[in-house]
Amino acid sequence: MKKLLIFVLLPFLLLSGCGDKNVEYANVYRDKYSTGGDITFSYDKITHTAYFGGENDVVQFYDANIAKGWDEAGNRVGVKLVSPCKITNPLSAKAQIGDKVYENGSFYSYINGKVTGEVEFFPLVSEEKREVILKIVWQDGVTEQTYKIIVKEGSVFMKNGY
């Protein structure tokens, strides 16, 4: 019975890695710090769009923070993506948000030296820049995926010193 079960499950285990193929889109959540503040969040799995804010939701302002990789002050929101497959070559991963490029898997989270497959991004948003495009290649051989991050109309952007 055990051999039969292994034989049946083996194809599923082999298909769960990031091989030379398209993979499912990631699961998307708010980041662990709820960057952006106490604002509404939803994710549309069909359009791969994360929505933040809504009528009178206030998007928080953050100072530059080199430790977090934030070289500019401004309003931010945070998203967490969980890789749809097992990462075996994190150094080949890359991501891009606007003009900012992240290479060598520098955006992956690690626990005890092992890649978790979770990534968090904290893009700047503003009244003029409500939509941000996130592109990610989980590792070499995997097709690039595109996600949208949108701050809904009616959201209020906190000002510096607000």
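The values are calculated or read from the model by the stated rules, or taken from the named source; none is laboratory data. Keep in mind it's a predicted model, so treat the numbers as computed, not measured. Every residue, glycine among them, receives a Cβ derived from its backbone with ideal geometry; neighbour counts consider all protein chains shown. The protein model used for the area step is the full one, side chains on, heavy atoms only, and it has no ligands, DNA or RNA in it. Shrake-Rupley method; radii C 1.70, N 1.55, O 1.52, S 1.80 Å.
Check every one of the strands (runs of 3 or more DSSP E) wholly within the range 47-162 and list those with 2 or more residues that are open to solvent by less than 60 Å² (accessible area, probe 1.4 Å) and within 24 Å of E24 (Cβ to Cβ). Spell out the reasoning first.
Working: elements: 49-52, 74-76, 79-82, 94-97, 100-102, 108-111, 114-121, 131-137, 145-151.
Qualifying strands (runs of 3 or more DSSP E): 49-52, 79-82, 94-97, 108-111, 114-121, 131-137, 145-151.
Take the conditions (1) under 22 Å from N75 (Cβ atoms); (2) at pLDDT below 95; (3) over 18 Å from the mean Cα position of the chain (by Cα); K32 misses just one of them, which is (3).
Checked against (1) out of contact with any Asp or Glu (no Cβ under 8 Å at 6 or more places or on another chain); (2) free of Cβ contacts under 8 Å to residues at least 60 places away in the same chain, A64 passes all but condition (1). List, please: which pairs have Cβ atoms under 6 Å, are six or more places apart or on different chains, and start with a residue in the range 87-104 that is in contact (Cβ under 8 Å) with a residue 12 or more places away in the chain and end with one that is open to solvent by 70 Å² or more (accessible area, probe 1.4 Å) and part of a strand (DSSP E or B)? Within 6 Å, the pairs are Q96/K135.
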